[in-house]
1. Quick check on Trp7: is it of a type in the set (Phe, Trp, Tyr), without any contact (Cβ under 8 Å) to a residue 24 or more places away in the chain and out of contact with any helix residue (DSSP H, G or I) (no Cβ under 7 Å at 6 or more places or on another chain)?
2. Being surrounded by 16 or more Cβ atoms within 10 Å (Cβ to Cβ) and in a loop (DSSP other than H, G, I, E, B) is the filter here, so list the residues in region 39-95 that pass it.
3. What pairs come up if the first residue lies in region 75-94 and is in contact (Cβ under 8 Å) with a residue 40 or more places away in the chain, the second is of a type in the set (D, E, K, R) and open to solvent by less than 90 Å² (accessible area, probe 1.4 Å), and their beta carbons are under 8 Å apart, counting only those six or more places apart or on different chains?
4. Between a residue in region 40-69 that is farther than 10 Å from Ala85 by Cβ and any residue that is of a type in the set (Phe, Trp, Tyr) and open to solvent by 40 Å² or more (accessible area, probe 1.4 Å), which pairs come within a Cβ distance under 7 Å, given they are 6 or more apart or on different chains?
5. Checking Phe14 against (1) under 30 Å from Phe92 (Cβ atoms); (2) part of a loop (DSSP other than H, G, I, E, B); (3) hydrophobic (A, V, I, L, M, F, W, C), only one condition comes out false. Which one?
6. Return yes when Leu21 is aliphatic (A, V, I, L, M), at negative phi and open to solvent by less than 100 Å² (accessible area, probe 1.4 Å) and no when it is not.
7. Considering each of Thr26, Thr4 in turn, give the residue that is under 19 Å from the mean Cα position of the chain (by Cα), among the hydroxyl-bearing types (Ser, Thr, Tyr) and surrounded by fewer than 13 Cβ atoms within 10 Å (Cβ to Cβ).
8. Scan region 11-58 for residues that are in contact with a strand residue (DSSP E or B) (Cβ under 9 Å, 6 or more places away or on another chain) and of a type in the set (S, T, N, Q) and jot them down.
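The values are calculated or read from the model by the stated rules, or taken from the named source; none is laboratory data. Bear in mind the structure is a predicted one, so any value in this text is a computation, not a measurement. Here the Cβ positions follow ideal geometry from the backbone for every residue, glycine too, while neighbour counts run over all protein chains shown. To get the accessible areas, we keep the full protein, side chains included, count just its heavy atoms, and leave off ligands, DNA and RNA. Shrake-Rupley method; radii C 1.70, N 1.55, O 1.52, S 1.80 Å.
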Amino acid sequence: MKVTLNWLRRYVDFDWPPDELAGRLTMLGLEVEGVQKLGGDFDGIVVAQVITRDKHPNADKLSLCRVQDGKGERQIVCGAQNFKAGDKVRLFCPAPRCH
């Protein structure tokens, strides 16, 4: 049977990391075949709030945006069309720019 840590935490109070939990369950006589990490690393991705969105002066399909990324304001050129000022969006910000 596969279970998620979130599901297990709904019924059992524990704060061990997954590998330690697997070891403890094994010591109790339960077979743990493996631990899988789902999802990926999100280093460099932050939530930013769009402050302004204006038409890019030199391109028809680009926007010139001012965003707040939690560390300060920055200007971004963006090709997406599915957002407006005030929206919260994903922003890839490689180190050390946002960190």
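1. Numbers: of a type in the set (Phe, Trp, Tyr): yes; without any contact (Cβ under 8 Å) to a residue 24 or more places away in the chain: yes; out of contact with any helix residue (DSSP H, G or I) (no Cβ under 7 Å at 6 or more places or on another chain): yes.
Answer is yes for this residue.
2. Asp69, Cys93
3. From region 75-94, the pairs are Leu91/Asp69; Cys93/Asp69.
4. What qualifies is Gly44/Phe92; Ile45/Phe92.
5. (1)
6. On the way: aliphatic (A, V, I, L, M): yes; at negative phi: yes; open to solvent by less than 100 Å² (accessible area, probe 1.4 Å): yes.
Spelling it out, Leu21 is indeed aliphatic (A, V, I, L, M), at negative phi and open to solvent by less than 100 Å² (accessible area, probe 1.4 Å).
7. Details: Thr26 fails: under 19 Å from the mean Cα position of the chain (by Cα).
Of the residues listed, the single one that is under 19 Å from the mean Cα position of the chain (by Cα), among the hydroxyl-bearing types (Ser, Thr, Tyr) and surrounded by fewer than 13 Cβ atoms within 10 Å (Cβ to Cβ) is Thr4.
8. Gln49, Thr52
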